[in-house]
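Just below is one structure, and these are the notes that go with it.
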Amino acid sequence: MSCGNNPDGQGTAEEEQVAMPRRKQVRRVDRNTCQRCKMSRSMYVIRSVTYCRPCFETALYGRFIKLLHPPLKSTHPSSSSRNAVSHAVRPPSQSGDVLIALSSGAGSTVMLDQLLSRSYVGRGDGASTDKTRGEKEPVWGKGWVVYVEFAGALEGVEDRLDEIKGWVEGLNKGLGWVGIRAEDVFDGDLKDRLRRLAGVVTEDGKQEDIRRGIAVDLKDPELPLFPLPSSSASSAKPLDHLRSLLASLPPPSRPALLSNILSSLLTFVSQTIPNISHLLLGETSTRQAQRLISGTASGRGWSLPLDLASARKDDGGLVRLKPMKDISVKEAAVYCRLKGLDGFTRNDRRWDAAGPAGKRDARGKGGVTSLEMLTEQFIAGLSVSHPSTVSTINRTGDKLVFPGQANDSPTCPVCQLPVDPSALEWKSRSALTSLLTKTNPPSLSDPKDSSTPLAPLLCYACLTTFTPSTVASRTNKNEPVPLPFWIAENVARRHGRPVERSQMKNTINAFLIQDE
């Protein structure tokens, strides 16, 4: 059977090639050989590419510095390019210190090991560097490690604060240690404790009083705020306040609140410890993909580009970096296995165990707590059969652009990100927020005692977080619940309330000329 007009054997070679083109030869890849060096035997398969051990460590370090170096060389970290040509060149020494967020997960553990093994962080003693012996000048003169423990708010979770403290001190790298708990957002002495830890001497009578908090009535859709009595703030333990707040929220809202608590504590520590210029977060590409999907589904799309950015500079000058954004949790786990750190890491946060367990209905459904946990399980399962799932989601997220002005937009008191316009109006048109029935009685709070509603100040996602479900409304008491101190400070800042005379004097006391 002939595929052309020429009889068999009567056409030239060129004519036969045009009539019936030959099949292209497919390049067969030897899966047993490293595809990077083409010499050593492969040991790991990452994103359908085989690596030997040296090539795997080199490739991981290359992606690590690709996001770490450009913001340290540019004066505008938020506008740095990920494809900078000079990302392989070591950045110059920074003027401030670095705060490293350690969660004991694989991502933050790998980030800390990379910084210490490559001499990015100094010991803080000002020792000179001998370049003739191959020593490298540290990028940061001093490093601090901060760890936030959530075991008090989670059922059945082991408290690892002392264990991680011993592990960090055992490294003998001169790192400062900051160990705090999630319930410290209700502790008025947190700032003084951090200052004493950093060696800042606080004279008597100059402690800042941040015990005066606020409480919110979650039964009212307007979320009215009430001043929290000083006796109640001092008598109750911070852990009791945190558990009361978590119990007042429905199970799907608790992981979002814990995420805001973690972010606020990291910001508070970086602002309290002196001379902190950079905050390093160890979020992997897998975690970023999960946050992208869950954040979009929960209504955080307006400020999502700022939250997922690999480099972002706050109004106070603090630069937040995510150098692990291009590294998956699988690669981080393999690296921890190579370095013998797999026995230390814990990748499961178990934030769905916060507060009372949800009730199941007659069909056996319910009890599945949050959208974040469902997204995490979905992406982890899909990545097994489709390895490019995480990278595809992150490439889509990198195209997102914040539509407003980050510096001029008002910030949400809870998540401290820019507020999307008309969030409350959109919420009122898309959801039923007030329905007086026997199971949802009207609020018993007196409007005269209310200071200002919290709902108009929140972004859409945080407004959804503080909207309790019908089940939570039936089970909880009709009493206002206390809010963390950072929310009270942000609410006062949004309304421009005047600072008290005593607080103003404590702030500027160091600059006053004393009478002789």
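Tabulated data
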quantity: Karplus-derived HN-Hα couplings along region 370-383 (A = 6.51, B = -1.76, C = 1.60, θ = phi - 60°), whole Hz, x at Gly and Pro; calculated: 10, 5, 4, 5, 5, 5, 4, 5, 5, 5, 5, x, 6, 5
quantity: Region 147-202 versus region 291-310: alpha-carbon centroid distance in Å; calculated: 28 Å
quantity: Area of Trp177 that stays accessible when all protein chains are in place (1.4 Å probe, Å², to 10); calculated: 40 Å²
quantity: Solvent accessible area, Å² - Arg254, 1.4 Å probe, full protein context; calculated: 10 Å²
quantity: Flagged links, alpha-carbon separation over 31 Å, of Lys136/Lys165; Lys131/Lys322; Lys191/Lys322; Lys142/Lys325; Lys313/Lys339; Lys191/Lys330; calculated: Lys313/Lys339; Lys191/Lys330
quantity: Local electrostatic count at Leu246 - Lys and Arg +1, Asp and Glu -1, tallied over other residues with Cβ under 12 Å; calculated: -2
quantity: Solvent-accessible area of Arg346 with every protein chain in place, 1.4 Å probe, in Å² to the nearest 10; calculated: 110 Å²
quantity: Prolate/oblate/rounded call for region 268-348, Cα gyration tensor, a/c under 1.5 rounded; calculated: oblate
quantity: Neighbourhood net charge (12 Å Cβ-Cβ; Lys/Arg +1, Asp/Glu -1) for Gln377; calculated: -4
quantity: Sorted largest first, extent of region 85-199 alpha carbons per principal axis (Å); calculated: 52, 31, 30
quantity: Cβ-defined net charge surrounding Cys55, 15 Å radius [Lys, Arg +1; Asp, Glu -1]; calculated: +4
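The values are calculated or read from the model by the stated rules, or taken from the named source; none is laboratory data. Every value quoted in this text rests on a predicted model; they were computed, and no experiment measured them. FYI the Cβ positions are ideal-geometry reconstructions off the backbone, even for glycines, and counts take in every protein chain you see. Calculation scope for accessible area: heavy atoms of the full protein, side chains included, ligands and nucleic acids excluded. Shrake-Rupley method; radii C 1.70, N 1.55, O 1.52, S 1.80 Å.
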